[in-house]
Amino acid sequence: MKSKMTSLVGATLMVALTLTACGSGSGSGSENAPAAGSGSTSSSTGSADPNATIEVGSLYEPQNLDNTGGGGQGVTEAFNGNVYEGLFKLGDDGKVENLLAKDYKVSPDGLTYTFTLQSGVTFHSGDPLTSADVKYSIEKVLAKDSQSARKSSFTGIKSITTPDDSTVTVKLSTKSISFVYNLSYVWVINNQAKDLTTSEDGTGPYKLGTWKRGSSLSLDPFAGYWGTPPTNKGVVFHYFTAATALNNALLTNAVDIVTSEQSPDALAQFKDNKDYKVNDGHSTTKLLLAFNDRVKPFDNALVRKAVTSAIDNRKLLNSIWGDYGTLIGSMVPPTDPWYEDLTTVNPYDVELAKKQLSEAGYANGFSFTLDTPNYDPHPTAATFIKGELAKVGITVTINVITADEWYTKVFKNHDFAATLQEHVNDRDVVWYGNPDFYWGYDNPEVTKLVNQAEQSDTTDDQAALLKKANQQIAADAASDWLYLYPQIVVASSSLSGYPINGLNSQFYAYTIKKS
Amino acid sequence: MATYLLRRAAFLVISLFLASVLLFLLLRLLPGDPANSLLSIGATPEQIAAARHQIGSDLPLLEQFVSWLGRLVTFDLGTSFVSTLPVGPEIASRLAVTVPLTLLSFLLAVVVAVPIGFIAAYRSNSWYGSLLSGLSQLGIAVPAFWVGMLLITVFSLRLRVLPAGGFPRDDWADPADALTSLALPVVTIALVMSASLIRYVRSATLDVLGSDYLRTFRALGSSFTGAMWRHGLRNAAVPVVSILGIELATTFLGAVVVESVFALPGLGSMLIKGIAQHDYPVIQGILFVSTFAVLVIGFVADLVQRLIDPRLRGTVSGNAR
């Protein structure tokens, strides 16, 4: 009984932390021009039933319905692109496309952005979309009481003006190539909307049906939608707190699809069953062994490299996720435009690790404390790391802490030697350019590359610069990037057209078909 | 009886007040700042300060307590730190699941346990008397969540006759639908609960069976059934009712685990989430409502005992003998 309770609480905590402690990233980079491409969705099968309602199972219930008021990961999953739309959209393949912005121009100095809005767009309440709504929506993210994880991405905004109803002009104080990408996180909300915590007023293909807290949330097609209408008659998100209950719901056809499978053990029952499809997509969640690069012995890159080489990441990944998940060797996941495979920079090589340790003056090893969040997979990973490092003479003391303690001790006070943490966002390699970040990696070269990248004229330049930064942090073993989580969507075989990468917890439902 | 009711009611109010003080202080002893759980990794110190101010966790403890208590008097349980939505209405909507779940389980457990307990006592020397007694012992040792998972495997995954979990989106609009959803959770709780109840019923019945008054009554020519009906049941019921009160309260609080197993949107799942998020108003609200429910159940159990046993009516504590 007791262990069951602990694991339940742990599951809830895990959700809390991934959406709070790591739910940010001053995203860097974007597409300069709108990109084509419809995103990587599952392929179509059979003839679709246009009157079908899609039953979605999820572990992430919204806290409330306001994404600048603490709605969290759940409201992004249910509402982003479905109920609310931004000026731009981040596709499931990581590309940025125009959405409510029909077109936009950038001044030659890169400081003034002029957006032209789509015409004929109405909110669910019936009000037409105007530039004033866009201004209001951006300002809502920037507001004093805003809890938006994206707030820090927009500090460069100097002014927002609305020359006419369909034009918005934004002036920046410094060049920012990620500006358009960052705008894909800003929901355009009716500036007349009253209550955004339990109701909505967006422009998306669905409007909110009912939200029964603790249980489910339904979306109904919006008849006045300006774009292509949904391919189904609505969506119901069913919320679960335990992964087992969620899997049972899928097995008994109570739900058609699970947005993100978090229990690796459960996959076997779906994998060899023709009634289900297990989709192995790319996530952006990385499990990090983050060193405190400020303090001995981890201020020495050679020690960090030795530790990295001493741990068999493949074996760790297999023991947790079986055949799923990827090794990436650095911070950048494959869906970021500046990804490259860097797994050979610090290969698993115990002899090399021993050599590097003696070069660094630790031939007899050393000991350190590993601050380990108390929820899965951190304790498992910590035990594994302890065993691996013992083979090269390093003694690990595992210190299990709660998410809240982690936030205060590690993140705020930098009072740690090494820690484990999952980092969920895309394009978050830029944190290595910030010497004040919790891990304290301070390489002026990388800081310069990250800043230059943000000031780039083209996305190609930006990608080239961030690639270099990524190579450098790998060469310095700034952290040990243990592995990239799999993003596993399990669905009934009768379903098609669903997103499989689920970047940043998005779940576009309007192309899902059921046959 | 009127004095008794008054004194008992006063006792209820005082207990509630003391419980609320205790609840408030114990929660504040927990390490950690609820503002931390609201914000993201990129949060600025200003954002954290603003969040603290917004939820009022920057106010002195006494001030927080007085304002909470003040609202409590008007049945306002406050606003969740995390969702910024009022706690009271959400608790009310969750009670629509938890209360029927508790009562139905309780009824089923009583219906099952009383006859079995009686037979186990009446035929305590026979093989099936011992078997029933042994089975109930086993039942006590089995955790509820395990029974739940077992029932799901058999009735939902294999036989596909009952849902594995969840609750209708429109609550009790279709009672048959709601009852179907509650079937397995109710059986789960009732099975575990009846196991211990059987033990109590059995021992209470054994006491009565061996009593002098029953033998005397039968010696006067009454049949066994008549003797049991006139005197046995009443006497056996007194200790059983007090246990029933405790069992009912335990079920109400213990539904947490079963609700999780069956993905029911009841108080339990709300409590677990509240604890994980340091959402004090939610935790306080739920524990306050639970405390209230437990005290009321105790009150009712006391009353029922007095109705059954006239000897208790003159006393306040219920310990007449």
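The values are calculated or read from the model by the stated rules, or taken from the named source; none is laboratory data. Just so it is clear, the structure is predicted and the values come from calculations on it, not from any experiment. Quick reminder, even Gly has a Cβ in these numbers, built from the backbone with ideal geometry, and neighbours come from all protein chains shown. Just so you know, the surface numbers come from the protein's heavy atoms only, side chains and all, with ligands and any DNA or RNA stripped out. Shrake-Rupley method; radii C 1.70, N 1.55, O 1.52, S 1.80 Å.
Taking amide H atoms as placed 1.01 Å from N in the peptide plane, the amide H of residue A:222 lies under 5 Å from those of A:206, A:207, each 5 or more residues away in sequence or on another chain.
Coordinate range of the alpha-carbon atoms in region B:91-277 per principal axis, descending: 63, 34, 33 Å. Can you find, among A:425, A:499, A:472, the residue sitting farthest towards the positive end of the charge dipole of region A:396-515, where Lys and Arg contribute +1 and Asp and Glu -1 at Cβ? Going by the charge dipole, the pick is A:499.
Please name which of B:23, B:305, B:204 has its Cα lying farthest along the dipole of chain B towards the positive end, using unit charges on Cβ (Lys, Arg +1; Asp, Glu -1) and the Cα centre as origin. Comparing the listed Cα positions along the dipole, B:204 ranks first.
Summing Lys, Arg as +1 and Asp, Glu as -1, what charge do residues with Cβ under 15 Å from the Cβ of residue B:201 carry, residue B:201 excluded? Could you put the intermediate results ahead of the total?
Values: positive: B:123, B:199, B:202, B:234; negative: B:207, B:247.
Result for the local shell: +2.
Projecting the Cα atoms of A:339, A:83, B:280 onto the dipole axis of the protein assembly as shown, where Lys and Arg carry +1 and Asp and Glu carry -1 at the beta carbon, places B:280 farthest toward the positive end.
Using a Gaussian network for chain B with springs between C-alpha atoms less than 10 Å apart, which of these wobbles most: B:206, B:271, B:85? Of B:206, B:271, B:85, the Gaussian network model singles out B:85 as fluctuating most.
Within chain A, antiparallel bridges make up roughly 75 percent of the DSSP beta bridges whose residues both belong there. Residue-wise HN-Hα couplings along region A:493-498, as the Karplus relation 6.51 cos²θ - 1.76 cosθ + 1.60 with θ = phi - 60° gives them from phi, are 5, 7, 9, 8, x, 9 Hz; Gly and Pro carry x.
Based on the alpha-carbon gyration tensor of region B:206-321 and its eigenvalue square roots a ≥ b ≥ c, which shape applies: rounded if a/c is under 1.5, prolate if not and a/b is larger than b/c, or oblate?
Numbers: a/c = 5.04, a/b = 2.54, b/c = 1.98.
Here region B:206-321 falls in the prolate category.
Scanning chain A for trypsin sites (Lys or Arg not before Pro) lying in DSSP loops with no more than 11 further Cβ atoms inside 10 Å, the longest uninterrupted stretch between such sites is A:275-515.
Residue separation times 0.36 nm, minus the C-alpha to C-alpha distance between residue B:154 and residue B:53: what's the value?
Values: separation 101, 0.36 × 101 = 36.36 nm, distance 5.11 nm.
Between residue B:154 and residue B:53, full extension yields 31.2 nm more.
Axis of helix A:350-359 versus longest Cα principal axis of chain A: the two differ by about 70°, to the nearest ten degrees.
Viscosity 1.567 mPa s, temperature 4 °C: what is the translational diffusion coefficient of chain A from Stokes-Einstein with a Kirkwood Rh over Cα pairs, rounded to a whole number of µm²/s?
On the way: Rh = 23.8 Å.
Translational diffusion coefficient: 54 µm²/s.
Note on region A:265-322: Cα convex hull, mean projected area over all directions, 5.5 nm². Put a plus charge on the Cβ of each Lys and Arg, a minus charge on the Cβ of each Asp and Glu, and nothing anywhere else: the dipole of region A:167-319 about its Cα centre is then about 540 debye.
Computed over region A:161-282, the P(r) tail beyond 16 angstrom holds 76 percent of alpha carbon pairs. Inter-chain neighbour count for B:262-268: the average number of beta-carbon atoms from partner chains within 10 Å of each residue's beta-carbon is 5. Rolling a 1.4 Å probe over the protein heavy atoms of region A:282-486, with every protein chain left in place, gives an accessible area that is 49 percent carbon and sulfur.
Hydrophobic long helices, here whole DSSP H runs in chain B with Kyte-Doolittle means of at least 1.6 and Cα atoms spread over 20 Å or more along the helix axis, are found at B:2-29, B:87-122, B:280-308.
In the frame of its principal axes, region A:293-447 has Cα extents of 39, 35, 34 Å, reported largest first.
Relative to the longest principal axis of the Cα atoms of chain A, the long axis of helix A:131-142 makes an angle of roughly 30 degrees. Taking label positions 7 Å along the Cα-Cβ direction at both residue A:122 and residue A:194, the computed distance is 2.0 nm, reported to one decimal.
Computed about the Cα centre, the dipole magnitude for region A:282-486 is approximately 660 debye when only Lys and Arg (+1) and Asp and Glu (-1) carry charge, each at its Cβ. Rg then Dmax, both in Å and based on the Cα atoms of chain B: 23.9, 87.
Residues of the protein assembly as shown: accessible area per residue at 1.4 Å, in Å²?
Working: 33560 Å² over 836 residues.
Ligands and nucleic acids excluded, the result is 40 Å² per residue.
Would you mind checking A:95/A:277; A:171/A:448; A:274/A:514; A:102/A:135 for any pair whose Cα atoms are more than 18 angstrom apart? Result: A:95/A:277; A:171/A:448 exceed 18 Å.
Expressed as a whole percent, how much of the Cα-Cα distance distribution for region A:92-232 exceeds 27 Å? Roughly 24 percent, rounded to a whole number. Entry note, chain B: relative contact order of 25 percent, from Cα contacts under 8 Å with a spacing of 6+ residues. Taking both sides together, the accessible area buried where B meets A is about 4100 Å² for a 1.4 Å probe. Near residue B:151: Cβ cut-off under 15 Å, other residues only, Lys/Arg at +1 and Asp/Glu at -1. The net charge is +1.
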